[in-house]
Amino acid sequence: MDILAALDSLVTEFESGLALASTPESLEELRVDALGRKGKLAQIMSRLPELEPAARPAAGQKANSVKERCNALFEARKQAILAIRESAALRRFDPTLPGRAPWRGSLHPTTLITEEICAVFSGMGFDVVSGPEVEHDYYNFEALNMPAAHPARDMQDTLYITGQTLLRTHTSPVQVRSMLARRPPLAVIAPGKVYRRDSDLTHTPMFHQVEGLLVEEGTSLAHLRGTLTIFVRAVFGAQTRVRFRPSFFPFTEPSAEVDISCSICGGEGQVAGQPCRVCKTTGWVEILGCGMVDPAVFAAVGYPEDISGFAFGMGVERVAMLKYGIGDLRMFFENDARFLAQFA
Ligand code: PHE
């Protein structure tokens, strides 16, 4: 084939090759094959000496225009392929799909239960109060009728900061602070963090308590029982039964521990024929400690001798575990989003 005809067919071949190519990579292959240093155009031009010297400049010009034409065809096809790709990517994006909802936080179950407990007592006229977590020995122990040699003050159980300051081991020091700050009659409810040197499957070094205190002339154990029964039924349901078991606390006399009928098995001791793992088949679970304020505590805060009152304290995580049937205390401290999201 003569050189000029070869140049023409190079363009047609190149053009039909481009039409078949569908990726930028295969386009580039075609370009190198036609226009590259060892490509078809170069091969054709190496035959230039075959021509009469007079015909050579025209052949050279034609070769240049072939090169320009091929480059232009290449560029146009490449743009077309990129445009197709882009529109395919756009089609994969479906603007009618609903948006992703942003993650929404929720209150921690400890907070929820604390608020629920406080709301019940607020409804009965108790004021919500708080006290410091770093507490003086006097308020945490001494004024609560736990003198220096009392076993509960042991380094084994209490996190001391200095000789006389410690992380409060219960919310009961708020009783003392409230009585010193007010005059009877008074009724307060005090939620907050407490700390003990205890860490195993069922104990954490920090947990939450709610403390209650009511002081008013003529208060009796019956008032305590009535108040706690209202509370228990508000949180665990109207069918819940309440039982007082004699107990001991240095700052109350008499003292009791309160059990409620198991919220998981309804007091049956069994769930669907299986032994209830929450109450361990007894049908009862302990929920709080309470009692009539010991006269020694009234004396410590300078209250009149004939005054009376009751106090109670409960663990918030414990109430939450019983209410929601949560078997593992660690759930409250691990912040597993799958657990927390269930309280949203
Ligand atoms: N402070 C006690 C405890 O932490 C609970 C309690 C409070 C008992 C008030 C009686 C009265 O175990």
**Request:** Tell me, yes or no, whether the stretch 259-281 has at least one residue that is surrounded by 15 or more Cβ atoms within 10 Å (Cβ to Cβ), of a type in the set (D, E, K, R) and within 14 Å of the ligand (Cβ to nearest atom).
**Result:** no
**Prompt:** Taking Val210, is it closer than 27 Å to Leu167 by Cβ and open to solvent by less than 60 Å² (accessible area, probe 1.4 Å)?
**Reply:** yes
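Would you say Met331 is open to solvent by 50 Å² or more (accessible area, probe 1.4 Å) and under 33 Å from the mean Cα position of the chain (by Cα)? Walk me through it before giving the result.
Numbers: open to solvent by 50 Å² or more (accessible area, probe 1.4 Å): yes; under 33 Å from the mean Cα position of the chain (by Cα): yes.
Judged against the criteria, Met331 is a match.
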**Message:** Yes or no: the stretch 162-169 includes at least one residue that is in contact (Cβ under 8 Å) with a residue 24 or more places away in the chain, within 11 Å of the ligand (Cβ to nearest atom) and either open to solvent by 60 Å² or more (accessible area, probe 1.4 Å) or out of contact with any Gly (no Cβ under 7 Å at 6 or more places or on another chain) (or both).
**Reply:** yes
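Looking at Ala187, Ala143, which is the one that is open to solvent by less than 60 Å² (accessible area, probe 1.4 Å), within 30 Å of Val232 (Cα to Cα) and assigned to a helix (DSSP H, G or I)? Working first, answer last.
Working: Ala187 fails: assigned to a helix (DSSP H, G or I).
So the residue among Ala187, Ala143 that is open to solvent by less than 60 Å² (accessible area, probe 1.4 Å), within 30 Å of Val232 (Cα to Cα) and assigned to a helix (DSSP H, G or I) is Ala143.
Here's a check for you: in the stretch 190-205, which residue that is touching a residue at least 24 places away in the same chain (Cβ under 8 Å) and assigned to a strand (DSSP E or B) is surrounded by the fewest Cβ atoms within 10 Å (Cβ to Cβ)? Walk me through how you get there before you give the answer.
Quick first cut of the stretch 190-205, residues touching a residue at least 24 places away in the same chain (Cβ under 8 Å) only: 190-198, 201-205.
Those still in the list that are assigned to a strand (DSSP E or B) too: 190-195, 203.
Values: Ala190: 24, Pro191: 23, Gly192: 20, Lys193: 14, Val194: 23, Tyr195: 19, His203: 11.
For the stretch 190-205, the residue satisfying everything is His203.
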**Request:** Sort out which residues of the stretch 301-318 are without any contact (Cβ under 8 Å) to a residue 40 or more places away in the chain and within 16 Å of the ligand (Cβ to nearest atom), and write them in order of number.
**Result:** Arg318
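Can you tell me which residues in the stretch 172-184 are touching a residue at least 60 places away in the same chain (Cβ under 8 Å) and either outside any loop (DSSP other than H, G, I, E, B) or not small (Gly, Ala, Ser) (or both)? Steps first, answer last, please.
At the first step, the residues of the stretch 172-184 found to be touching a residue at least 60 places away in the same chain (Cβ under 8 Å) are 172, 175-176, 179-180, 184.
Hits for the stretch 172-184 are Gln175, Val176, Met179, Leu180, Pro184.
Considering only residues that are within 15 Å of the ligand (Cβ to nearest atom) and closer than 24 Å to Ser261 by Cα, look in the stretch 214-238 and name the one that is surrounded by the most Cβ atoms within 10 Å (Cβ to Cβ). Spell out the reasoning first.
Narrowing the stretch 214-238 to residues within 15 Å of the ligand (Cβ to nearest atom): 214-215, 219, 221, 223-225, 227-228, 231.
Checking the rest, the ones that are also closer than 24 Å to Ser261 by Cα come to 221, 223-225, 227-228, 231.
Working: Leu221: 15, His223: 16, Leu224: 23, Arg225: 16, Thr227: 21, Leu228: 22, Phe231: 25.
Top of the filtered list is Phe231.
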**Message:** Exactly one condition in (1) open to solvent by less than 40 Å² (accessible area, probe 1.4 Å); (2) away from the ligand (no atom under 13 Å from the Cβ); (3) touching a residue at least 24 places away in the same chain (Cβ under 8 Å) is false for Glu133; which is it?
**Reply:** (1)
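The values are calculated or read from the model by the stated rules, or taken from the named source; none is laboratory data. Source: prediction; values computed, not measured. Cβ: placed from backbone, ideal geometry, glycine included. Neighbour counts: every protein chain shown. The protein model used for the area step is the full one, side chains on, heavy atoms only, and it has no ligands, DNA or RNA in it. Shrake-Rupley method; radii C 1.70, N 1.55, O 1.52, S 1.80 Å.
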